[in-house]
Amino acid sequence: MIVAKKDTDFAHGKRLETWTIEGKGPHGLLVSRDLSVVHITGSAGPGPTLLFTGTVHGDEYEGPSALIHLIRSLDARDLAGHVIILSVANPPALEARRRRSPFDDMDLNRAFPGDAHGTLSEAIAAWMVAELLPLADIVIDIHAAGDDAFLAPGPLGHPLTDPVQREKTLGLMRAFATPCALIADEAQAESRWDYQVEQSGKIFLTAEMGSAATLTPQSYAMPQRSIHNCLVQLEMLDAPAHAYQPWQDWSQPKLLIAQQDSFLTVPYSGFFIPHASAGQSVVQGDLLGTLQDVSQPTKEPEPLLSDRDGVIYAIPTGGVVDMRQYWLVIAQQVPWAVQSYDVLEKA
Ligand SMILES: [Zn+2]
């Protein structure tokens with residue numbers, strides 16, 4: 001639950017809200033954290049309200065670093081509309097550098113719609129739904145693969161039936177100018193922040209902007225460019241957009257789709273040794289990696305073969321793979337057109 005709120009104006013058109021949220025931690029004891037929300041009110045004209053969220057997972061650093069850059073660099077005099085920035089949605093998970101909160105072992109992006117009187121993750125989720133979501137027209141939630149995987153960076157949207165929502169979402173995906181954009185039919189949809197936003201009819205994108213819990217000059221700069229391009233696409237900034245920068249051997253961004261069965265699973269947790277990389281094209285039968293069952297040291301490592309032709313959107317980093325957070329996704333490339341959504345619906 002919300003136990004305190006402070007407001008500070010810190011620059012022209014910029015306000016910092018500090019919300020203290022309390023929830024249950026280990027052994028039912030109450031724990032709390034301060035969450036910082038920055039409001040930037042544009043003076044260049046009317047426009048939509050765009051909410052950015054970052055660090056829903058604590059081992060993903062691209063979102064908060066790009067959003068902290070945005071807080072400093074965006075001049076309210078250049079902005080039409082309103083930008084709201086929650087750069088760190090999950091402070092305890094970031095402190096622990098883990099996907100899940102150490103207080104309740106919950107994945108914040110499976111804790112929605114939350115519970116104001118529940119664990120700290122549930123209380124944060126409930127606060128986001130009650131206090132931030134009603135203010136926004138568009139929500140962009142910046143993630144990365146965290147410790148778990150390498151991936152082809154870019155925005156991730158979901159199958160949509162409303163034609164206006166589709167068109168606007170695909171336009172924003174294209175504006176990212178990242179190596180790929182993925183339309184994915186993901187499981188456990190109802191407990192996600194994504195679902196809370198989409199079911200309210202608002203425009204929503206996740207962005208998976210980096211790999212392996214490692215900031216590089218490229219993964220630090222790429223989300224900054226994409227955020228700028230989104231503001232240009234939404235006519236909130238009157239500025240030229242950044243061009244696509246080629247990645248691996250991809251001279252153009254690719255639109256990819258993934259069905260629920262494109263998210264491959266493993267039969268047990270163990271040591272994974274990748275033999276393929278994100279962005280690579282594969283055919284059925286290609287070796288993706290090997291899996292060693294640590295509990296059975298006499299057993300040979302098991303080869304994991306691709307069960308389909310496609311493009312590797314994500315592949316686990318070498319090391320321990322956790323069955324719960326297994327990131328091996330073989331996606332299909334489709335044309336950059338709104339009709340590409342139909343491929344998922346017919347599947
Ligand atoms: Zn994430």
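Quick notes on this structure:
- All positions within the range 102-112 that are outside any helix (DSSP H, G or I) and closer than 19 Å to Val37 by Cβ: Ala111, Phe112
- When restricted to residues that are in a loop (DSSP other than H, G, I, E, B), of a type outside the set (A, V, I, L, M, F, W, C) and surrounded by fewer than 19 Cβ atoms within 10 Å (Cβ to Cβ), the range 203-247 contains 9.
- Among all positions in the range 312-322, there is at least one residue which is among the acidic types (Asp, Glu), modelled with pLDDT under 90, outside the structural domain of Ile183 (by TED's automatic domain parsing) and over 26 Å from Phe176 (Cβ atoms).
- Residues satisfying the stated conditions in the range 203-216, i.e. more than 16 Å from the ligand (Cβ to nearest atom) and either touching a Leu at 6+ places or on another chain (Cβ under 8 Å) or not assigned by TED's automatic domain parsing to the domain that holds Ser65 (or both): Ile203
- The range 295-341, subset of a type in the set (S, T, N, Q) and part of a strand (DSSP E or B), residue farthest from Arg174 (Cα to Cα): Gln332
- So Asp307, is it surrounded by fewer than 16 Cβ atoms within 10 Å (Cβ to Cβ), in contact (Cβ under 8 Å) with a residue 24 or more places away in the chain and within 25 Å of Leu156 (Cα to Cα): yes
- Only residues that are at pLDDT 90 or above, in a loop (DSSP other than H, G, I, E, B) and among the hydrophobic types (A, V, I, L, M, F, W, C) were counted in the range 169-192, giving 2.
- The residues of the range 76-129 that are among the aromatic types (Phe, Trp, Tyr) and out of contact with any Pro (no Cβ under 6 Å at 6 or more places or on another chain), listed by number, are Phe112, Trp127.
- If you go through the range 267-294 and keep only what is out of contact with any helix residue (DSSP H, G or I) (no Cβ under 6 Å at 6 or more places or on another chain), modelled with pLDDT under 95 and assigned to a loop (DSSP other than H, G, I, E, B), you end up with Pro267, Tyr268, Asp293, Val294.
- Against the criterion of being in contact with a helix residue (DSSP H, G or I) (Cβ under 8 Å, 6 or more places away or on another chain) and among the small types (Gly, Ala, Ser), Ser36 does not qualify.
- Residue list for the range 248-264, restricted to those being part of a loop (DSSP other than H, G, I, E, B) and in contact with a Leu (Cβ under 8 Å, 6 or more places away or on another chain): Gln259
- Taking the criterion of being touching a helix residue (DSSP H, G or I) at 6+ places or on another chain (Cβ under 6 Å) and buried (at least 23 other Cβ atoms within 10 Å of the Cβ), the residues of the range 66-86 that qualify are Ala66, Ile85.
The values are calculated or read from the model by the stated rules, or taken from the named source; none is laboratory data. Note that the structure is a prediction, hence the values are computed from the model and not measured. Glycine gets a Cβ as well: all are built from the backbone with ideal geometry, and neighbour counts include every protein chain shown.
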